[in-house]
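Colleague: There's a structure below that I have some questions on.
The values are calculated or read from the model by the stated rules, or taken from the named source; none is laboratory data. Just so we're clear, the structure is a prediction, and the values are computed from it rather than from any experiment. We place every Cβ from the backbone using ideal geometry, glycine too, and count neighbours over all the protein chains shown.
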Amino acid sequence: MGRVITIRDTTLRDGHQSLWATRMSTDMMLPVAERLERAGVDSVDIMAHVIMDSAVRFCKDNPWERMHLLRKAMPTPMMAAYTAGKVAWGFKIAPSDILRQCTELTIRNGANLITAMNGLLDIDMMVDQLVQAKSLGARTAAALVYSISPVHTDALYEAKARELVERTDVDSIMIKDSGGLITPDRAASLFEAIRRGAGDRQITLHSHAMTGMAGRVYMIGVDHGIDDLQCGIWPLAQGAAQPSLQMVVKNLRAKGYKVNIDDAQVEAASQHLLEVARRHGLPVGEPVEYDDTHYDHQIPGGMLSNLRSQLAQAKLLDKFPQLIEEVQVVRRDLGWPTMVTPFAQIVANQAIINIITGKRYETVPDEVVHYVLGHYGKLLALVEPDVLDKILSRATADARRPPEEMEPALPALRKRFPHASDEERFLRYMIPESAVEDMLREEKARAERRHQQVRELGPVSKTLIDLLAKAASLRDVAEVSIQSGEISVRVQR
């Protein structure tokens, strides 16, 4: 048997982010988490800024409580959370005390694998949080986001991997192919270059199946130095999400690699997800046909539908082909930013404005100003000089303000919310307060409903529930039968 390849499961983060618009609730997740605990996955993605935001806004779930419940359901795998360096929340640049607290709270609430990323590959934007996470006892990973441009060369990725190891002592290098852009032709040289830069550190590969290439690229990866593959459990795999765990494991075994995965547990989780999808009318991942134009615009799959919607609202849907062309022009003008959050949105928004106004860079959002001034990280290539002049001539004083000049936020938060926990104050800073208030009300209401149900059960039913709870804790027992008079209950795993 060949060497062991580990699996990082993405079902509870990127799977539903890519296919269910980030609407997977905590209750939907817990049965999957219990199966992942028994399935033998090495790590599980559970949190990122968009997941936390959507948990509050749309699911009315407390994301910190979600982390506690997931950790209780799966105590063995590493639980992974993302940080975007100094860009804490989409476009939002936060002061350094908030960034430090973000890392601290994420680890305190159950995550023990912190992954930092910066779409511009600016290591300076990742160092502080990687070093902090390691000092707090977490394992660390750094994402090298893949892109196609004149500046995104194998030599660049090798140098960035080496710099990360030297400056942060990072435990793992992650190749993050958010656009599903790595081709079999490019894969071998890219992976070998990153392996040279990473030395003896683990390399994990994350890609999306939106071009139909990812499954094949994964198999090439393990032959060229990749140690760990990121997959989702179908039906939250394929399409715009990651390759399916089921097929990746099958292919690895066929190639002679060892994968310590319990297929029966994965299948049970898959059946649960299918039932959730059926009950809530949610889509399942499907293979995608190859589209060569995707390599030109590199727009992430979920964004394409949003762009169509924006143009339709402006009664400009017929301009969609022009928008795709304009995205490529803007990306070149801005120095080839990687088409990943927040840069994909920055490029696309500017392209839409250019089309709607009929003049390039006549109107410029603050985020574009922040980008060209390096607030999101050092640019990999120069902005076209004429374009830079136009952008800066329209920049307000607030937009030009460097992030380093931001005042600490925690003292004011503690003064304003003296009785709140650090976790609640963080949510109030990062998410609209009305959404946090709605979530807290719903959380309280759910707790009251549960207590009322227990009160109504009566002493006999309570005893039965206690017995079932104890039975559920016996992980090596496959079946439990309880008999009381004419009542018989049988529970099977």
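Colleague: Are any residues in region 426-448 of a type outside the set (Ser, Thr, Tyr), under 14 Å from Met52 (Cβ atoms), out of contact with any strand residue (DSSP E or B) (no Cβ under 6 Å at 6 or more places or on another chain) and surrounded by 14 or more Cβ atoms within 10 Å (Cβ to Cβ), and if so, which ones? Please lay out each step first, then the result.
Modeller: Going through region 426-448, the residues of a type outside the set (Ser, Thr, Tyr) turn out to be 426-428, 430-433, 435-448.
Still in the list and also under 14 Å from Met52 (Cβ atoms): 426-428, 430-432, 435-436, 439.
Now drop any that are not out of contact with any strand residue (DSSP E or B) (no Cβ under 6 Å at 6 or more places or on another chain), which leaves 426-428, 431-432, 435-436, 439.
Listed by number, the residues that qualify are Phe426, Leu427, Arg428, Ile431, Ala435, Val436, Met439.
Colleague: Here is a further query. Of everything in region 413-440, what is in a helix (DSSP H, G or I) and over 25 Å from the mean Cα position of the chain (by Cα)? Give them in sequence order.
Modeller: Leu413, Arg414, Lys415, Arg416
Colleague: Next question, about the same structure. Among the residues of region 55-67, is there at least one that is modelled with pLDDT of 95 or more and in contact with a Pro (Cβ under 7 Å, 6 or more places away or on another chain)?
Modeller: yes
Let's see how each residue does on (1) touching an Asp or Glu at 6+ places or on another chain (Cβ under 8 Å); (2) at pLDDT 90 or above:
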| position | (1), (2) |
| --- | --- |
| Asp386 | no, yes |
| Ala399 | yes, no |
| Leu413 | no, yes |
| Ala447 | no, no |
| Gln483 | no, no |
| Gln492 | yes, no |
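Colleague: Please give the helices (runs of 4 or more DSSP H) falling wholly within region 18-122 in which 2 or more residues are in contact with a strand residue (DSSP E or B) (Cβ under 8 Å, 6 or more places away or on another chain) and under 21 Å from Leu164 (Cα atoms).
Modeller: On the way: elements: 26-39, 49-57, 63-73, 96-108.
It comes to 96-108.
Colleague: In region 352-363, is there at least one residue being among the acidic types (Asp, Glu), under 25 Å from Val151 (Cβ atoms) and either touching a Gly at 6+ places or on another chain (Cβ under 8 Å) or not assigned by TED's automatic domain parsing to the domain that holds Trp20 (or both)?
Modeller: Going through region 352-363, the residues among the acidic types (Asp, Glu) turn out to be 362.
Retained after the next criterion (residues that are under 25 Å from Val151 (Cβ atoms)): none.
No; the residues of region 352-363 include none that is among the acidic types (Asp, Glu), under 25 Å from Val151 (Cβ atoms) and either touching a Gly at 6+ places or on another chain (Cβ under 8 Å) or not assigned by TED's automatic domain parsing to the domain that holds Trp20 (or both).
Colleague: Kindly indicate whether Val50 is among the β-branched types (Val, Ile, Thr), within 20 Å of Ala133 (Cβ to Cβ) and in contact (Cβ under 8 Å) with a residue 60 or more places away in the chain. Give the steps one after another, and end with the answer.
Modeller: Numbers: among the β-branched types (Val, Ile, Thr): yes; within 20 Å of Ala133 (Cβ to Cβ): yes; in contact (Cβ under 8 Å) with a residue 60 or more places away in the chain: yes.
Yes; evaluated as a whole, the condition is true for this residue.
Colleague: Let me ask something additional. Write out, first by first residue and then by second, each pair whose Cβ atoms fall under 6 Å of each other, whose residues are 6+ apart or on separate chains, and whose first residue, in region 77-100, is modelled with pLDDT under 85 while the second is aromatic (Phe, Trp, Tyr) and surrounded by 22 or more Cβ atoms within 10 Å (Cβ to Cβ).
Modeller: The qualifying pairs are Val87/Tyr376.
Colleague: Of all residues in region 373-405, which are part of a helix (DSSP H, G or I), touching a residue at least 24 places away in the same chain (Cβ under 8 Å) and within 24 Å of Ser96 (Cβ to Cβ)?
Modeller: Across region 373-405, the qualifying residues are Asp398, Ala399, Arg400, Pro403.
Colleague: Then there's this: Which of the residues that make up region 347-372 are over 31 Å from the mean Cα position of the chain (by Cα) and either in a helix (DSSP H, G or I) or farther than 20 Å from Ile324 by Cα (or both)?
Modeller: Answer for region 347-372, where residues must be over 31 Å from the mean Cα position of the chain (by Cα) and either in a helix (DSSP H, G or I) or farther than 20 Å from Ile324 by Cα (or both): Ile356, Thr357.
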